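All remarks here apply to the structure that follows.
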Amino acid sequence: MSRQVTETERKGWMAILAKAPPARLAELLPDLAAHAVLRAPETGAVMVRGRTGGTGAPFNLGEMTVTRCSVRLDCGAVGHAWVQGRDKAHATRAALADSLMQTDAAPRIRAMVLEVLAAEAKAARTARAGKAAATRVDFFTLVRGED
């Protein structure tokens, strides 16, 4: 059975699945639900764009290798995935998780897979930020007496 999801909600879980380490996603979602492959995993390249200072004029940063996949569950829910790199199994698992999140299995997948991956990603970001903060240098200017 399919359930209604918002675009923002779906973007959130698709980002978590795309950024997840492939081996970790395979551990959390070892059994693949019965599905039909709509678009077999295929590898290609996309252009990555950046902005000067995060807000300036856009420019082409370079190309990135991605793998995409689309699947349909027996209940009719369709899942899509685009993941960085050439890992076809990662793309398939991410597409299956996307399709499962559109069914009544969503609370189980959210608890067993998405929340775990999100917590691990947050811990990694915090550790990386802590490591960077340890090397931070604060520059300051002393006021001279003649000003």
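Where a number appears in this text, it was derived from the coordinates with a stated rule and is not lab data. What you see is a predicted model, and the numbers here were worked out from it, not measured in a lab. All Cβ positions, glycine included, derive from the backbone under ideal geometry; neighbour counts span all protein chains shown.
Numbers below:
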read-out: Nearest-0.05 FRET efficiency for T55 and T135, computed from C-beta distance (R0 25 Å); value: 0.40
read-out: Relative contact order (%) - the chain, alpha-carbon pairs under 8 angstrom, separation at least six; value: 25 percent
read-out: Amide H partners (placed H, <5 Å) of C69, local residues excluded; value: A81
read-out: HN-Hα J in Hz across the stretch 23-31 - Karplus 6.51, -1.76, 1.60, θ = phi - 60°, x for Gly and Pro; value: 5, 5, 4, 5, 5, 7, 10, x, 9
read-out: Full-extension gain in nm, R24 to W82, via 0.36 nm per residue minus C-alpha separation; value: 19.2 nm
read-out: Point-to-point label distance, R72-R39, nm (Cα→Cβ direction, 7 Å offset); value: 1.5 nm
read-out: Residue of G79, G54, G62 that the Gaussian network model of the chain assigns the largest fluctuation, springs spanning Cα pairs under 10 Å; value: G54
